[in-house]
Amino acid sequence: MPPSAHSGCAPGWVDAVIRIDAIWLAVGASDLRGGIDRLLGQVIGRFGSAQPHHAYVFANRRATRLKVLVFDGAGIWLCTRRLQEGRFAWPQEDQGELHLSAEQWSWLAAGLPWQRMRAHATAGAIAVV
């Protein structure tokens, strides 16, 4: 049976549904107790507006939970990732401008020490404001 015929999410399923052209990190701690509307307010307050096909990533004070808000041009998606153990290596506000490669973003989202990797020179899709 081909992967698309199985119930559940096949590899690459999210990529086919949600296109993300840029990822923005809201550095420092964010209040994640609210839902889509509260996070959308934080996006507007920090970034000016939610752009189509952009993802906005927030972390709680303890850096044990991430919420990702994605505007796909027609609606808003909200994803949550929580670590059972440890913390995300989340950048603090005083780190200045920061650019992550796609591989570094993958490590950050997995809870791995992404700062130990070097960003590739072509990385520019992920920015911190």
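L108 fails exactly one of the following numbered conditions: (1) surrounded by 15 or more Cβ atoms within 10 Å (Cβ to Cβ); (2) within 24 Å of I36 (Cβ to Cβ); (3) over 13 Å from the mean Cα position of the chain (by Cα). What is the number of that condition?
(3)
Could you check how many residues of segment 19-50 are of a type outside the set (D, E, K, R) and surrounded by 15 or more Cβ atoms within 10 Å (Cβ to Cβ)?
Step one: of segment 19-50, the residues of a type outside the set (D, E, K, R) are 20, 22-30, 32, 34-36, 39-45, 47-50.
Restricting the remaining residues to those that are surrounded by 15 or more Cβ atoms within 10 Å (Cβ to Cβ) gives 20, 23-30, 32, 39-40, 42-43, 50.
Matching residues across segment 19-50 total 15.
Quick check on my filter: what residues within segment 99-120 are modelled with pLDDT of 80 or more, touching a Phe, Trp or Tyr at 6+ places or on another chain (Cβ under 8 Å) and not in a helix (DSSP H, G or I)?
Selection gives G111 alone.
What number of residues within segment 51-75 are surrounded by fewer than 17 Cβ atoms within 10 Å (Cβ to Cβ) and of a type in the set (K, R)?
The initial filter retains those residues of segment 51-75 that are surrounded by fewer than 17 Cβ atoms within 10 Å (Cβ to Cβ), namely 51-53, 61-62, 72-75.
Then drop every residue that is not of a type in the set (K, R), which leaves 61-62.
Total meeting the criteria: 2.
Please note which strands (runs of 3 or more DSSP E) are completely contained in segment 3-72 and include at least 1 residues that are more than 22 Å from S101 (Cβ to Cβ) and at pLDDT 90 or above. Give the derivation first.
Numbers: elements: 22-25, 54-59, 65-71.
The strands (runs of 3 or more DSSP E) meeting that bar are 65-71.
Return the residues of segment 25-46 that are within 19 Å of A74 (Cα to Cα) and touching a residue at least 40 places away in the same chain (Cβ under 8 Å); say none if nothing qualifies.
Taking segment 25-46 as the starting set, the residues that turn out to be within 19 Å of A74 (Cα to Cα) are 35-41, 43-44.
Within segment 25-46, G35, I36 qualify.
The values are calculated or read from the model by the stated rules, or taken from the named source; none is laboratory data. What you see is a predicted model, and the numbers here were worked out from it, not measured in a lab. Counting neighbours? That spans all protein chains shown, and the Cβs are built from the backbone with ideal geometry, glycine included.
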